[in-house]
Amino acid sequence: MSASTQPRIEFAVTPRFDVFYALYTLTSSAATPLDTWKSRATDRLPPDFAKRASLVAPLPIFWPLLADAAQSDPGEISFTELLSTIQELPAKDLQRSILGGIFHDDEAVQTLITERRTLKQMVAGAPAGVGELLTAFGLKPFESGSKAVRAITSLLERPEPFRDDLVSVLDAFWNSGFNDDWRALEADLREESFRMTDVRDESDPATLDVQLNLPVTMDNAGHQLRPKSGAPIDYQKIERCFVIPSAFNTRRWWTKYTSASDRVVLYFPIARDVNAANRIRRDVTAKAAGEPARRTDINAESVFRALGDTTRYAIASILARTPTTSADLARSLKVSKPTITHHVQALRSAGLIKETPSGGSTKLSLSRDTVADLSGAAVEQLFSSSGELNLGTTRRRRQD
């Protein structure tokens, strides 16, 4: 079977899911391999954080649900773009995005939003499959005074304040230290996305799902993607399919959103190294936050991979000559803003981007120090007599 009949898998490195999965880990009492990170993150939270967070996520399971609020912005987005997307979301779209993850029925959600039936009536009349989800979210049995019912009632009756509370809590969590955690993890996650790209390009299509460690099975004979539970998804119904390296998705969650064309966009956050967050060192975050790279900080492989893409090389060429905003890059190269964001993130993770505030925007430029030190770093790393060799990129080429 030709590889072209499979859904095209794209890769993105973005905190759009990990920030919510981290909050789930932080607030859940369930056992987790991330205990070291959890202890450190708990200690740095603001004193009133738990109370504020409970207004939008009364139970830990609400956090992965709330990630659905940003479904209108596809692919790779930064945390700032995530907050902006949620903040600017029309109230009814916010309601549909979140409630759809509970009821999995557009008509039922619309009935709730338009107040044709109350939340209590919808819970009482829910079919068995949905009833199990309602129990997990604390809505069944229905208790009008429960925290879960109060949160969903707030979403239904006061969606704008609910949205503002969600944005405020996410912003507080990010600025309490998760921003440093993400910056410390991002470069390794970017390298993992490069490795996954190699797997996609060089593996046998029949085993691609296994090679990428997807939580679904690709049935190429039946032209369907098969989840462990739920209905299969026809390949022709899949508009885009993103695989996202993750440091916090220890539960192997994944999600699908319906696009404007009535097809689905799939997201598979994959955590291959569940101990990565535990190993974060405070002394690496300053480097990740934008301090000039030293030769010993440069990962030559990451830089070569980042510059190996023709679009990213064009971006680097522009930024080497003139500090430029992302919006201007998109106009100059005639590509979309999400595409520019993806490529700039890859260059940033490799230490190639310097950022300078300029009025209400940010000017990007190419790091001369990183480029100047690249040759020496490559010599040191390629000719080193110690350290682990990375030989996992020579795989059999897929046949089209």
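The values are calculated or read from the model by the stated rules, or taken from the named source; none is laboratory data. The structure displayed is predicted, hence computed values, not measured ones. Backbone-built Cβ (ideal geometry, glycine too); neighbour counts: all protein chains shown. For the accessible areas, the whole protein counts, side chains as well, though only heavy atoms, and no ligand, DNA or RNA atoms are used. Shrake-Rupley method; radii C 1.70, N 1.55, O 1.52, S 1.80 Å.
The HN-Hα couplings worked out from phi for the range 126-142 by the Karplus form 6.51 cos²θ - 1.76 cosθ + 1.60 (θ = phi - 60°) are 5, x, 4, x, 5, x, 5, 5, 4, 5, 4, 8, x, 9, 9, x, 6 Hz, whole numbers, x standing for Gly and Pro. Helix 91-103 and the longest principal axis of the C-alpha atoms of the chain enclose an angle of approximately 80°. Distance between the C-alpha centres of the range 82-110 and the range 22-72: 20 Å, rounded to the whole angstrom. I need the shape label for the range 1-113. Rule: rounded when a/c is under 1.5, else prolate if a/b > b/c, else oblate, with a, b, c from the alpha carbon gyration tensor. Oblate. Among beta bridges identified by DSSP and lying wholly in the chain, the antiparallel ones come to about 65 percent.
Net length available on complete extension from A50 to Y313 is 90.2 nm, with 0.36 nm assigned per residue and the Cα-Cα distance removed. Structural descriptor for the range 127-212: relative contact order 11 percent, calculated from alpha carbon pairs under 8 angstrom and at least 6 residues apart.
Listed peptides 228-237, 144-153 appear in the order 144-153, 228-237 once ranked by packing, highest mean of other Cβ atoms within 10 Å at the front. With helices as the sole contributors, the chain gives -14000 deg cm²/dmol at 222 nm; each DSSP H run of n ≥ 4 counts as -39500 (n - 2.57), and the sum is divided by every residue.
Here the dipole of the chain is about 60 debye; that uses its Cα centre as origin and unit charges on the Cβ of Lys and Arg (positive) and Asp and Glu (negative). About the centre of its Cα atoms, the range 1-123 shows a dipole size close to 400 debye [charges on the beta carbon of Lys, Arg (+1) and Asp, Glu (-1) only; nearest 20 debye].
With an a/c value of 1.5 or above and a/b larger than b/c for the gyration tensor axes a ≥ b ≥ c computed over the alpha-carbon atoms, the range 88-198 is described as prolate.
Exposed loop sites are taken as GluC sites (Glu not before Pro) in a DSSP loop (any state but H, G, I, E or B) with at most 16 other beta carbon atoms within 10 Å; the longest stretch of the chain without one runs 144-387. For the range 172-239, a simple Cβ point-charge model (Lys and Arg +1, Asp and Glu -1, everything else neutral) yields a dipole of about 300 debye relative to the Cα centre. Each Lys or Arg adds one and each Asp or Glu takes one away; over the other residues whose Cβ falls under 14 Å from the Cβ of I61, this sums to +1. Counting only the Cα atoms, the range 305-353 fills a convex hull of 62 Å³ per residue.
In terms of its C-alpha gyration tensor, the range 147-214 comes out oblate, because a/c is 1.5 or above while a/b does not outweigh b/c.
Length available on full extension from N275 to D171: 0.36 nm per residue minus the Cα-Cα distance, which gives 35.0 nm. Surface composition of the chain: carbon plus sulfur atoms hold 50% of the accessible area, using a 1.4 angstrom probe and ignoring ligands, DNA and RNA.
The label-point distance for K237 and A330, in a model that sets each label 7 Å from Cα toward Cβ, rounds to 3.1 nm.
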